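Contents: one structure, followed by commentary.
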Number of protein chains: 2
Amino acid sequence: MKALQVMPQMVPFRTTSPANGKHRFPREMPPVGLHIIAELYGVDPALISYVKDVEPVVESIVEEAGLTRLQSYYHQFHPHGVTGIVLLAESHVSLHTWPEHGLVNLDIFTCGDPAQAQKAFELFLERFRPASYRHLQLERG
Amino acid sequence: MKALQVMPQMVPFRTTSPANGKHRFPREMPPVGLHIIAELYGVDPALISYVKDVEPVVESIVEEAGLTRLQSYYHQFHPHGVTGIVLLAESHVSLHTWPEHGLVNLDIFTCGDPAQAQKAFELFLERFRPASYRHLQLERG
């Protein structure tokens, strides 16, 4: 697989003004974290149909990326499909799989070192081997 | 509070081509869900410091929005700050609070009826009463 180019991308968050009409931008506070949002396409359904196959992949990626796992939860949909969420000291990782579409909706949201989110994303691509994917990065905060 | 205008917004997901050089766009498959990503600013720290205060708000919003809760998890950071994640049959809701900044990072990701996500978002704005906020909506899938 070609090396992943994970470059910062600014996404035009829409600023909306409620009640008091005040916009808070431009802000002085730096972002609190990096959120990588990705869709993986053309993933082998055998990799993403069951919790028994998805859970060890996710857990090992969290560990290899150096993230701090607080709690994980996996749900088995029937006849297939998985939701997995890992609550991290640095925020969270979530994925929703659609084996019938070969699709994974992936979110990696980390506060702290952005390199950890990028590392985790690279590992997901290695393990799920999508035929293609799209992703964006948001600076959260 | 002024009525919330939740309008669909296309966000330019960056399409990245891995290994095989194939892009999957334009796609024929419709989106699987709506993901509302929001930052709430100027939230009263008393509302978002402790799990005991955040949990009932989140749980009631999930119920009022008609979402199907599978499992919830809340983590108390010290001296303050909360991570809450609700795993839904329709995907997930997550929030990370930063009382010291009056900040909430909120994600509402639902498959199925987009109006449920929008309803949940409106309810979060009502309960947390941010001085301002920004948000975007992604069509996931």
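The values are calculated or read from the model by the stated rules, or taken from the named source; none is laboratory data. Fair warning: this is a prediction, and the values are worked out from it, not measured in the lab. Using ideal geometry, Cβ is built from the backbone for each residue, glycine included, and neighbour counts are taken over all protein chains shown. The accessibility values were calculated without ligands, DNA or RNA, using every heavy atom of the protein model including side chains. Shrake-Rupley method; radii C 1.70, N 1.55, O 1.52, S 1.80 Å.
Key figures for this structure:
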item: Average partner coverage of B:135-141, which counts Cβ from other chains inside 10 Å; result: 5
item: Long-range HN-HN contacts of A:Arg140 with modeled amide H, under 5 Å; result: A:Val32, A:Gly33, A:Leu34, A:His35
item: Total accessible area lost when A and B pair, probe 1.4 Å, Å² to nearest 100; result: 5200 Å²
item: Label geometry 7 Å along the beta-carbon vector: B:Ala89 inter-copy distances in nm; result: 3.7
item: Hydrodynamic radius (Kirkwood) for region B:37-140, which is based on Cα pairs only, to one decimal in Å; result: 13.5 Å
item: Members of region B:82-96 that become less accessible by 50 Å² or more once partner protein chains are added (1.4 angstrom probe, chain alone as reference); result: B:Ile85, B:Leu87, B:His92, B:His96
item: Calculated label separations, B:Leu70, copies of the chain, 7 Å along the beta-carbon direction, nm; result: 2.0
item: Other copies of B:Ala115: label-to-label distances in nm, shortest first, labels 7 Å along the beta-carbon direction; result: 4.9
item: Modelled label reach - A:Asp53, point 7 Å along Cα→Cβ, region A:93-121 residues with backbone N closer than 17 Å; result: A:95-105
item: A:Asp113-A:Arg69 pseudo-label distance in nm [points 7 Å out on the Cα-to-Cβ vector]; result: 1.8 nm
item: Cα-projected label distance for B:Glu100 with B:Ala46, points at 7 Å along beta-carbon direction, nm; result: 2.2 nm
